[in-house]
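Just so it is clear, none of the values below were taken in a lab; they were calculated from the coordinates. It should be emphasised that the depicted structure is a prediction, and the values quoted were computed from it without experimental measurement. As a convention, Cβ positions derive from the backbone with ideal geometry for all residues, glycine included, and neighbour counts pool all protein chains shown.
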Amino acid sequence: MDSSKRQFLQQLGILSAGASLVPLAQAKFPFSPERREGSARHRYAMLIDLRRCIGCQACTVSCAIENQTPQGEFRTHVNQYQVQVEGEESVTNVLLPRLCNHCDNPPCVPVCPVQATFQREDGIVVVDNTRCVGCAYCVQACPYDARFINHETQTADKCTFCVHRLEVGLLPACVESCVGGARIIGDLQDPNSRIAQMLHAHHAAIKVLKPENGTQPHVFYLGLDETFTTPLMGRAQPALWQEV
Amino acid sequence: MTHSLLVEEVLTRPQEISWLPWAVQYFFFIGIAACAALFACVLHWRKSDSAKLENLTLLIALTCAITAPLALTADLHQTARFWHFYAYPTPWSWMPWGALFLPLFTAFLGLWFLALQLKRFTKKSYRATKWLALASALTAAGLLLYTGREVSIVQARPIWFSYTFPVAMFLSAFHTFFALLIVSLRGEPALQRKLALWQLWTLGGLAFVVVFWVNGDTLSGVAIRDWLTVSASARHYAAGWAVLWFISLGLGGVALFQPLTMPLRILQALSAMALCWLMRWTLLIQVQTVPKFNAQFNPYTLPAGTDGWLAILGTFGLWIALLIIIRETVNGFARRMQHG
């Protein structure tokens with residue numbers, strides 16, 4: 001064999017060995033969780049207009065009925081606080097509906113050891129409870145107490161913005177049942193949606209919970225005093241009956 | 001904020017404790033097993049010719065390394081789905097690294113232990129043994145790293161969110177391992193003294209790390225100080241740590257000058273184990289009672305069933321049973337070899 005032929009075959013060998021690595025590079029082996037399911041053309045979020053909340057817990061009840069959570073376990077509820085300005089006589093109530101914040105940077109998702117909890121393209125954070133191993137790592141990682149172990153399924157459970165209802169054009173149970181119309185859900189990608197317009201109109205007054213955690217929550221509050229955006233331990237008197 | 005508000009929490013939902021006492025048992029046993037494996041590997045590679053010490057160390061390591069993963073799988077609420085860890089590999093989360101390291105660690109340790117017994121009975125030594133020792137040590141380091149980081153990356157529980165967490169876990173486990181080794185030795189006062197000295201060093205290191213952690217100007221340091229200020233039970237746990245630390249220090253100090261009697265060595269091992277266990281209990285279970293947002297603490301009482309006392313007693317019982325079974329099996333073989 002003359003040398004040029006040998007050289008050609010050698011180069012062919014190198015080329016084909018290299019080619020075998022191409023599919024590996026194209027496969028883009030992921031090193032961080034990726035969003036899946038849903039449509040990237042939407043970004044669902046909720047605005048809670050506290051000026052309209054009366055603390056009736058209709059959201060708590062309708063969610064429990066819609067999502068069939070076990071007794072004593074809730075995906076949403078309304079906290080209630082009695083507040084007095086120091087040195088003044090009058091007392092008022094602060095109501096704080098709580099639910100999953102469907103963060104843009106959700107700390108619960110990357111910790112999941114089996115990728116059972118994931119964020120959809122439309123921003124909704126969900127749990128595949130047929131895959132979840134019930135390790136509760138996500139429960140620990142959520143800064144908002146929004147997750148719990150459902151003792152019927154023995155897997156992680158949380159608010160899904162009633163995605164099964166959204167997908168067929170219905171409102172989430174809590175929004176549907178809200179007596180004062182305090183809960184507003186919508187698509188941030190649509191500038192004409194009510195939520196997008198309200199967020200724009202009240203830009204300066206909008207608050208989120210624990211902004212210092214860098215989670216970029218997508219449940220926004222209108223009419224919430226800054227006192228309530230950070231943890232209350234040590235700053236508020238716990239319910240009268242508790243001793244710590 | 002220009003106004004000061006007096007806030008009373010009238011209605012809220014406390015959060016349930018979702019990492020159970022099983023997790024405490026896992027962290028307790030895996031820490032000791034990993035430290036024992038590291039120590040045994042050093043013994044093996046330095047060819048220090050103390051086969052007895054290596055044997056004892058491996059016995060501690062192996063029994064703990066069998067108990068720990070059983071406790072861990074019980075902490076999963078869906079135990080039967082443990083195979084999902086292998087079906088859906090997720091390298092960016094710390095937890096699934098445990099699914100990789102744990103079985104390898106226990107397998108390497110088991111083979112190493114077997115190789116050592118074969119050498120003892122057949123006088124045949126295998127070259128692979130030293131590589132088994134190294135592999136055990138490497139997986140042990142992986143376990144110490146992953147268990148520590150899995151907890152200390154959780155910013156939502158700021159008390160955990162510190163690089164000192166894994167170091168404190170490591171040092172408390174190492175000091176307990178030394179105490180266990182001392183109590184299992186027969187005689188050998190010089191060795192006992194040396195081990196007591198090492199135990200004291202790890203105790204000193206532990207105190208330094210914990211003081212540094214609590215006083216640190218970090219998210220974690222501030223959160224710990226807040227907890228101690230608000231909660232009387234947190235102060236009780238801190239007092240418990242201090243008392244057990246001083247007992248361990250005192251007994252270790254005496255052991256430097258004269259070999260301890262058996263009851264005192266048992267007391268030393270018990271106080272070391274109690275300190276190691278109480279640290280894990282406080283950090284893993286009690287920290288979950290600290291609310292993430294509410295003013296109200298999350299209530300917790302230790303139940304009697306499988307997720308409570310039974311988990312704790314059961315795993316300790318299993319460990320003791322394994323110690324007896326493995327030791328007696330090996331001794332039984334030894335007797336048979338002696339008498340033909």
Spin-label model distance (nm) - residue B:301 vs residue B:218, 7 Å beyond Cα toward Cβ: 3.6 nm
Listed residues A:40, A:146, A:173, most fluctuating in chain A (Gaussian network, C-alpha, under 10 Å): A:40
Fraction of the pair-distance distribution of the protein assembly as shown above 35 Å, Cα-Cα pairs, percent: 48 percent
Paramagnetic label zone (point 7 Å from Cα along Cα-to-C-beta, residue A:152; backbone N under 11 Å) in the stretch A:67-87: A:67-73
The stretch B:157-291, relative contact order [Cα under 8 Å, separation at least 6], %: 35 percent
Modelled FRET efficiency - R0 25 Å, residue A:128 with residue A:179, Cβ distances, 0.05 increments: 0.15
The stretch B:193-253: relative contact order in percent, alpha carbon pairs under 8 Å with at least 6 residues between: 41 percent
Cα-based reach from residue B:292 at 26 Å (exclusive), listing lysines while leaving out same-chain residues under 8 positions away: A:158, A:207, A:210
Max mean-square fluctuation residue, GNM over chain A, Cα-Cα springs under 10 Å, options A:38, A:234, A:87: A:87
Charge dipole of the protein assembly as shown about the Cα centre (unit charges at C-beta), most positive-ward option of B:32, A:182, B:131: B:131
Karplus 3J(HN,Hα) series, Hz, for the stretch A:96-112 with 6.51 cos²θ - 1.76 cosθ + 1.60 (x for Gly, Pro): 9, x, 10, 6, 4, 8, 6, 4, 6, 10, x, x, 6, 6, x, 7, 4
Residues B:7, B:42, B:290, A:111, sorted so that the one with the fewest Cβ neighbours within 10 Å comes first: B:42, B:7, B:290, A:111
Only Lys, Arg (+1) and Asp, Glu (-1) charged, at Cβ; the protein assembly as shown dipole about Cα centre in debye: 2980 debye
FRET E, pair residue B:125, residue B:86, Förster distance 41 Å, beta-carbon r, rounded to 0.05: 0.75
Among A:109, A:168, A:61, residue whose mean-square fluctuation peaks in a GNM of chain A (springs only between Cα atoms under 10 Å): A:168
Separation in nanometres of the label points that stand 7 Å from Cα toward Cβ, at residue B:73 and residue A:41: 4.8 nm
Ratio of the Cα radius of gyration of the stretch B:157-291 to 2.2 N^0.38 Å, where N counts its residues: 1.12
26 Å tail of the calculated P(r), chain B, as % of Cα pairs: 52 percent
Global geometry of the stretch B:70-215, whether rounded, prolate or oblate, following the gyration tensor of its Cα atoms and the 1.5 cut on a/c: oblate
Efficiency of FRET between residue B:229 and residue B:118 - r from beta-carbon atoms, R0 51 angstrom, step 0.05: 0.30
Share antiparallel - DSSP beta bridges, the protein assembly as shown, percent rounded to 5: 80 percent
In order through the stretch B:22-34: 3J(HN,Hα) via Karplus (6.51 cos²θ - 1.76 cosθ + 1.60), integer Hz, x for Gly, Pro: 4, 5, 4, 4, 4, 4, 5, 6, 5, x, 5, 4, 5
Sequence-separation-based contact order of chain A, relative, with Cα cut under 8 Å and 6+ spacing, percent: 25 percent
In Å, descending, principal axis extents of the Cα set of chain A: 103, 43, 39
Gain in span if fully extended, residue B:51 to residue B:197, counting 0.36 nm per residue against the direct Cα distance: 50.5 nm
